[in-house]
Amino acid sequence: MSDDTLIRVEGLTRWYGERLAVDGVGFELRRGQVLGFLGPNGAGKSTTMQMITGNLAPSAGRVEISGIDLLERPREAKARLGYLPETPPLYRELTVDEYLTHCARLRRLPRRRIREAVARARERCGLADVGRRLIGNLSKGYRQRVGIAQAILHEPDVVILDEPTVGLDPIQIIEIRRLIGELGRDHSVILSTHILAEVQSICTHVQIIRDGRLVYAAAMAELGERAAARTLRVRLRR
Ligand code: ATP
């Protein structure tokens, strides 16, 4: 593995009973890349993200994070990752600061660093003024910012975002995409999405997954729209 390989996935496979949801997925994420993991609903994106983040056991295959085997040394491997799941568990009755402080403790950040880490994550995610607001009173776009803030609290090498703009209104989508673009300057990112335009506007590289299998991989500049549309089985809207 070369030094700048942050994630290496080999033969990742997951059965749900009789259903094969992810079938031998393998790829590498290198430092500085913003990788779009693109596929239609039900293609196996969330299942793959959950296995890479150690939240779901694979049926077969392996994941290495910064050279550390996820199954052998899960705590060390997971410490290098930040993760925003498709449906993040936000505690609506907590303030933004209380929630981020709670997450920092779960991440075992040293006590003396927590206040600074929370302030920095808030600042970076456009939450500077809402530290004392209840999460339950925030708009969905702001709640998604809180979810991204918890993912970067511990300054991970890689940030994994699963469908971060689903359910947001058009303005919120623009803002969250801009935020992800900014994150990509400091972190390597995997962005799981079913939206081709999202990948085109943010990502440096793309992998397309369909029916549990990777069917296309390229640097963004090489992704032809028609090829992508054909692979995704979507119609291009003009
Ligand atoms: P979406 O964007 O709709 O979430 P996805 O690409 O993330 O889609 P997955 O959620 O990984 O896809 O699902 C892949 C396949 O596995 C789908 O056919 C789905 O129905 C199935 N699946 C996912 N989770 C489970 C589960 N817990 N039990 C059984 N089948 C599941």
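Using Cα atoms only, what is the angle between the long axis of helix 170-186 and the major principal axis of the chain, expressed in degrees (0 to 90) to the nearest 10?
The angle comes out near 90 degrees.
Kindly rank 158-166, 109-117 from highest to lowest mean number of other beta carbons found within 10 Å of each residue. Please report the intermediate quantities before stating the final value.
Details: 158-166: 22.3, 109-117: 13.1.
Per-residue Cβ counts within 10 Å, averaged per peptide and sorted highest first, yield 158-166, 109-117.
Hey, can you rank 65-74, 15-24 by average C-beta count inside 10 Å, highest first? Don't skip to the end; give the middle numbers.
On the way: 65-74: 15.9, 15-24: 14.0.
Output ranking for 65-74, 15-24: 65-74, 15-24.
So if I take the centroid of the Cα atoms in segment 131-146 and the same for segment 46-75, what is the distance between those two points in Å?
Taking the Cα centre of segment 46-75 as reference, the centre of segment 131-146 is 30 Å away.
Report the normalised scattering of segment 98-165 as log10 I(q)/I(0) at q = 0.19 Å⁻¹, calculated by the Debye formula with identical scatterers on the alpha carbons.
Ignoring solvent entirely, the Cα scatterers give -0.71.
Kindly report the accessible area of the chain per residue (heavy atoms of protein chains, probe 1.4 Å, no ligands, DNA or RNA), in Å².
Values: 12160 Å² over 238 residues.
With all protein chains present, the chain gives 51 Å² per residue.
Where both partners of a DSSP beta bridge lie in the chain, what percent of those bridges are antiparallel, to the nearest 5? Walk me through the numbers on the way to the answer.
Working: 22 of 40 bridges.
Close to 55 percent.
When the dipole is taken about the Cα centre of segment 27-155, and only Lys, Arg (+1) and Asp, Glu (-1) are charged at their Cβ, what size is it in debye, to the nearest 20?
Working: 24 positive and 13 negative charges, 85 e Å.
Dipole magnitude for segment 27-155 comes out near 400 debye.
Quick one: plug the Kirkwood hydrodynamic radius of the chain (C-alpha pairs) into Stokes-Einstein at 4 °C, 1.567 mPa s, and report D in µm²/s. Working shown, then result.
Working: Rh = 18.2 Å.
D, rounded to a whole number, is 71 µm²/s.
Just from the alpha-carbon atoms, what are the Rg and Dmax of segment 1-133 in angstroms?
Over segment 1-133's Cα set, Rg and Dmax evaluate to 17.1, 49 Å.
How far is helix 96-106 tilted, in degrees, relative to the longest principal axis of the Cα atoms in the chain, given as a value from 0 to 90 rounded to the nearest 10?
Taking Cα atoms only, the helix is inclined about 70 degrees.
Give me the number: length gained by fully extending Arg30 to Arg120, i.e. 0.36 nm times residue separation minus the C-alpha to C-alpha distance, one decimal in nm. Mind showing how you got there, number by number?
On the way: separation 90, 0.36 × 90 = 32.40 nm, distance 2.51 nm.
That pair, Arg30 and Arg120, stretches by 29.9 nm at full extension.
Residue separation times 0.36 nm, minus the C-alpha to C-alpha distance between Ser139 and Arg178: what's the value? Let's see the in-between values first.
On the way: separation 39, 0.36 × 39 = 14.04 nm, distance 1.73 nm.
Separation in residues times 0.36 nm, less the Cα-Cα distance, equals 12.3 nm.
Using Cα atoms only, what is the angle between the long axis of helix 111-124 and the major principal axis of the chain, expressed in degrees (0 to 90) to the nearest 10?
So the helix axis and the longest Cα principal axis differ by about 60 degrees.
Which value at 222 nm does the chain reach when only helices count, each DSSP H run of 4 or more adding -39,500 (n - 2.57), with the total divided by all residues and rounded to the nearest 500 deg cm²/dmol?
Values: 8 runs with 84 residues, N = 238.
For the chain, the value works out to -10500 deg cm²/dmol.
Please compute the contact order of the chain in relative form: average sequence separation of alpha-carbon pairs under 8 Å and at least six residues apart, divided by the residue count, as a percent. Please report the intermediate quantities before stating the final value.
Values: 445 pairs, mean separation 63.7, N = 238.
Averaging sequence separation for qualifying contacts and normalising by length gives 27 percent for the chain.
The values are calculated or read from the model by the stated rules, or taken from the named source; none is laboratory data. Quick caveat: nothing in here was measured; it's all calculated off a predicted structure. For neighbour counting, all protein chains shown are included, and Cβ atoms are generated from backbone atoms with ideal geometry for every residue, glycine included. The area values use the complete protein model at the heavy-atom level, side chains included, leaving out ligands, DNA and RNA. Shrake-Rupley method; radii C 1.70, N 1.55, O 1.52, S 1.80 Å.
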